[in-house]
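So the structure is just underneath, and the comments pick up after that.
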Amino acid sequence: MSKYLKAHKFPEDLRNMNYDELELLSYEMRDFLVESVSKTGGHLASNLGIVEISIALHKCFNTPEDKIVWDVGHQTYVHKVLTGRIDGFENLRQLGGMSGFPKVCESEYDLFDTGHSSSSISLGLGLASARDLMGEDYKVISVIGDGAMTGGLAYEALNNAGSMNTNFIVVLNDNGMSISPNTGGLSRSLGRITSTDKYIHMKTQVKKGFKKVPVIGESVISGIHNAKENIKYAVIDGILFEELGFKYIGPVDGHNIKEMCETLEHAKAINGPVLIHAVTDKGKGYSKAEENPGVFHGIGPFDVDTGIPLKKSSARSYSAVFGDKITEMAEKDDSIVTISAAMVDGVGLEGFRKKFPKRFFDVGIAEEHAVTFSAGLAKAGLRPYFAVYSSFLQRAYDEIVEDICLQNLPVTLCIDRAGVVGADGETHHGLFDMAYLKSLPNMTVLAPKDGPELEKMLELSFALDGPCAIRYPRGSAPELGKAQQITKGKAYQVKRGTDAEIWAVGSTVKNAMEAADILKKDGISVSVINVATVNPIDSKKLLASADKYPLIITVEDGVLNGGVGETIKSVLADTDTKVINLGWPDKFIEHGTQEQLYAKYGLDAKSIAETIKNTK
């Protein structure tokens, strides 16, 4: 733990530091981040890249009276240190410890619980508008970046803000990355802006020169306004922000504290919305992260000298199983295409992209567009597979309903990180997908119990004529026996028993099988059913089970409210069988390891066994 950082009271001491002291602070901050995250794991590269911007913000603004709204909340580690939470890093992202994202319950300096991207401008504009309406006087600054400017919500907010003439500052942290490298027209546009310092310098020098001319200087400046605008169009295409109604300042060096502070002070004096375009390097100051910013975006504990993770499973992850299988399928049928929303490595599609670059599409952080884009591909005769984290798919609910299900198009949603994901907590758990997807007409919902079953479900999805969703968890994919062909709407018995039956969904099948083994030692014989198809449910087999068992337990890695257990209970409503549903309660689940959370909420093998024993 850094003695230098611990010795200061932040942010108060920060505001009395000179630029040399702030420079030293930035070095100490980076050393602390690398040392701390190497022990706990976390989001490293993005935080290394935003050190100077974070320092400058707390130096120039009177927080918490002035309001800083953070986008993609994983870039707030420096902010947390500068707001008195350095001790929390010892238990960062651990059960009961400090979150890796802004948390309102942690500090008055955190305004929203943010973990998704592209929301900060909308949130900040709401705060600024409320301030004006209520006659209050404070500054509002929204920090966006790490790829969040590829999200459509950001442009809806920019468009609205530009027409309101509200005093409001947006800081764009342009590091050219989200998790994967940024893609799309905006990324190219920002790249060109960063090379147009000549234009910025030229504009300043011309203005200074004409101001020195007696009497006519100011009128000449006014008279050449149209010409100046033409020069802008000719030299840069960053005019986008000014056309939306913002005063554009930049590009500025996001790693130069003095330049950042001067720019922020200048922005404070401008009436109306201002956008500061700061250019940074993701992973700045730690060579391993600079060389591989995607790897160090989110990483477990690692060796500082080598950058190698301390724990690395030899088993293939579900993401890798998906990536390998869809690549194998694409080799046999050239109608298969894949789509990612800036998560190429995370969802296992790097191999597919290399092998079939023309059949792979990275749309940026734009899940709504990804779904509707997939619908267009399907309508034209292709077979699109959109791989996305469950938590991020939530943004595209309307597009799933209107553009895929209503049209009954053969788009397959490959839903990674379904269920609890662990240390990222509330904003990243994928607990709601089954509840909202299984209610949609035409949508087939599948949940594999292991890796081989995921492969069989991908094959089944290709044979279907309509929409399909396959949900699978984060982590290693087990092999729970010989893989069998999967049929839509059919459930499978994986253990035989006589006293009770467990109907388990997806990743919970493993825990259910282990629970049955525990109960066997106590003389209780339990059958286990693998609910391979969530929608449609296997009602025929379910009713047959009701004739055999007085007790059925349902287990799912999703919310109980609207979940699979409720469906099963409704099918059995007119039978004498008692049904107990196990799943996630009607609340947002905190961060912690997957194993800790399963145990805490009664979904691990021991808890399932105890539930059955206590019910018998």
Checklist entry - Taking only pairs six or more apart or across chains, which ones have beta-carbon atoms under 6 Å, a first residue in segment 258-284 that is farther than 18 Å from residue 173 by Cβ and of a type in the set (Val, Ile, Thr), and a second residue that is open to solvent by 10 Å² or more (accessible area, probe 1.4 Å) and in a strand (DSSP E or B)? => result 270/247
Next on the checklist: Condition check: without any contact (Cβ under 8 Å) to a residue 40 or more places away in the chain, of a type in the set (A, V, I, L, M, F, W, C) and out of contact with any Cys (no Cβ under 6 Å at 6 or more places or on another chain). Does residue 45 satisfy that?
Outcome noted: no
Next on the checklist: Among the residues of segment 355-395, what is the count of those that are part of a strand (DSSP E or B), open to solvent by 40 Å² or more (accessible area, probe 1.4 Å) and of a type in the set (Ser, Thr, Tyr)?
Outcome noted: 0
Checklist outcome for this item: Going through segment 274-293 in order, the residues found to be part of a loop (DSSP other than H, G, I, E, B) and closer than 20 Å to residue 148 by Cβ are 280, 281, 282, 283, 284, 293
Next on the checklist: For segment 300-313, check the following and say yes or no: at least one residue is in contact with a Ser or Thr (Cβ under 9 Å, 6 or more places away or on another chain) and part of a helix (DSSP H, G or I).
Outcome noted: no
Checklist entry - Within segment 497-515, can you find the residues that are in a loop (DSSP other than H, G, I, E, B) and of a type in the set (S, T, N, Q)? => result 498, 507
Item to check | Matching residues in segment 236-266 - criterion: being surrounded by 21 or more Cβ atoms within 10 Å (Cβ to Cβ) and part of a helix (DSSP H, G or I) | outcome: 241, 257, 260, 263, 264
Item to check | Lone unmet requirement of (1) outside any helix (DSSP H, G or I); (2) within 23 Å of residue 488 (Cα to Cα) for residue 403 | outcome: (1)
Checklist entry - Looking only at segment 545-588, which residues are in contact (Cβ under 8 Å) with a residue 60 or more places away in the chain, in a loop (DSSP other than H, G, I, E, B) and either touching a Ser or Thr at 6+ places or on another chain (Cβ under 6 Å) or open to solvent by 40 Å² or more (accessible area, probe 1.4 Å) (or both)? => result 561, 588
Next on the checklist: Between a residue in segment 524-535 that is free of Cβ contacts under 8 Å to residues at least 60 places away in the same chain and any residue that is assigned to a loop (DSSP other than H, G, I, E, B), which pairs come within a Cβ distance under 7 Å, given they are 6 or more apart or on different chains?
Outcome noted: 525/497; 525/498; 525/499; 527/496; 527/497; 529/491
Checklist entry - What are the residues in segment 474-494 that are open to solvent by 50 Å² or more (accessible area, probe 1.4 Å), within 24 Å of residue 420 (Cβ to Cβ) and in a strand (DSSP E or B), if any? => result 476
Checklist outcome for this item: Across (1) assigned to a helix (DSSP H, G or I); (2) hydrophobic (A, V, I, L, M, F, W, C); (3) in contact with a Leu (Cβ under 9 Å, 6 or more places away or on another chain), residue 296 clears everything bar (1)
Checklist entry - Given the structure, is residue 424 modelled with pLDDT of 95 or more and more than 16 Å from residue 532 (Cβ to Cβ)? => result no
Next on the checklist: If I go through segment 448-464 residue by residue, how many of them are buried (at least 23 other Cβ atoms within 10 Å of the Cβ) and closer than 23 Å to residue 402 by Cα?
Outcome noted: 1
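Has segment 465-473 got any residue that is without any contact (Cβ under 8 Å) to a residue 40 or more places away in the chain, out of contact with any Cys (no Cβ under 6 Å at 6 or more places or on another chain) and either open to solvent by less than 40 Å² (accessible area, probe 1.4 Å) or assigned to a loop (DSSP other than H, G, I, E, B) (or both)?
Within segment 465-473 (the criterion being without any contact (Cβ under 8 Å) to a residue 40 or more places away in the chain, out of contact with any Cys (no Cβ under 6 Å at 6 or more places or on another chain) and either open to solvent by less than 40 Å² (accessible area, probe 1.4 Å) or assigned to a loop (DSSP other than H, G, I, E, B) (or both)), the answer is no, since none of the residues qualifies.
Please enumerate the residues belonging to segment 452-472 that are within 21 Å of residue 384 (Cα to Cα) and not aliphatic (A, V, I, L, M).
If we filter segment 452-472 for residues that are within 21 Å of residue 384 (Cα to Cα), which is where we start, we get 453-472.
Matches in segment 452-472: 453, 455, 456, 459, 461, 462, 465, 466, 467, 468, 471, 472.
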Checklist outcome for this item: For residue 398, the lone unmet condition from (1) surrounded by 17 or more Cβ atoms within 10 Å (Cβ to Cβ); (2) within 19 Å of the chain's Cα centre (by Cα) is (1)
Checklist outcome for this item: Per the filter on segment 350-363, residues over 17 Å from the mean Cα position of the chain (by Cα) and in contact (Cβ under 8 Å) with a residue 24 or more places away in the chain are 350, 351, 352, 355, 356, 359, 361
Next on the checklist: Can you confirm whether residue 510 is farther than 24 Å from residue 429 by Cα and of a type in the set (D, E, K, R)?
Outcome noted: no
Checklist entry - Within the set of pairs 6 or more residues apart or between chains, which connect a residue that is in a helix (DSSP H, G or I) and open to solvent by less than 20 Å² (accessible area, probe 1.4 Å) inside segment 589-612 to a residue that is modelled with pLDDT of 95 or more and not hydrophobic (A, V, I, L, M, F, W, C) with Cβ atoms less than 7 Å apart? => result 605/511; 605/514; 608/511
Checklist outcome for this item: Scanning segment 563-586 residue by residue, the ones that are at pLDDT below 95 and closer than 29 Å to residue 428 by Cβ total 1
Next on the checklist: Where the second residue is among the polar types (S, T, N, Q) and open to solvent by 20 Å² or more (accessible area, probe 1.4 Å) and the first is under 23 Å from residue 127 (Cα atoms) and modelled with pLDDT of 90 or more and lies in segment 70-99, which pairs have Cβ atoms under 8 Å and are six or more apart or on separate chains?
Outcome noted: 71/119
Checklist entry - Counting only residues that are open to solvent by less than 10 Å² (accessible area, probe 1.4 Å) and either free of Cβ contacts under 8 Å to residues at least 12 places away in the same chain or touching a helix residue (DSSP H, G or I) at 6+ places or on another chain (Cβ under 8 Å) (or both), which one in segment 501-515 is nearest to residue 474 (Cα to Cα)? => result 505
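Would you confirm, using the coordinates I've provided, whether residue 326 is open to solvent by less than 20 Å² (accessible area, probe 1.4 Å), in a strand (DSSP E or B) and not hydroxyl-bearing (Ser, Thr, Tyr)?
The answer is no for residue 326.
Tell me, which residue of segment 343-354 that is open to solvent by less than 60 Å² (accessible area, probe 1.4 Å) and outside any helix (DSSP H, G or I) is nearest to residue 330 (Cα to Cα)? Quick ask: steps written out before the conclusion?
Of all residues in segment 343-354, those open to solvent by less than 60 Å² (accessible area, probe 1.4 Å) come to 343-344, 346-352.
The next check asks that each one be outside any helix (DSSP H, G or I); those that pass are 343-344, 346-349.
Details: 343: 20, 344: 17, 346: 20, 347: 16, 348: 14, 349: 12 Å.
So the residue we want is 349.
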Next on the checklist: Here's a check for you: in segment 411-439, which residue that is assigned to a loop (DSSP other than H, G, I, E, B) and free of Cβ contacts under 8 Å to residues at least 60 places away in the same chain is most open to solvent (accessible area, probe 1.4 Å)?
Outcome noted: 417
Checklist entry - Name the residues in segment 516-528 that are out of contact with any helix residue (DSSP H, G or I) (no Cβ under 7 Å at 6 or more places or on another chain) and part of a strand (DSSP E or B), would you? => result 527
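The values are calculated or read from the model by the stated rules, or taken from the named source; none is laboratory data. This is a predicted model, so every value here is computed, not measured. Heads up, the Cβs are rebuilt from the backbone with ideal geometry, glycines too, and the neighbour counts pull from every protein chain shown. For accessibility, only protein heavy atoms count, side chains too; no ligands or nucleic acids. Shrake-Rupley method; radii C 1.70, N 1.55, O 1.52, S 1.80 Å.
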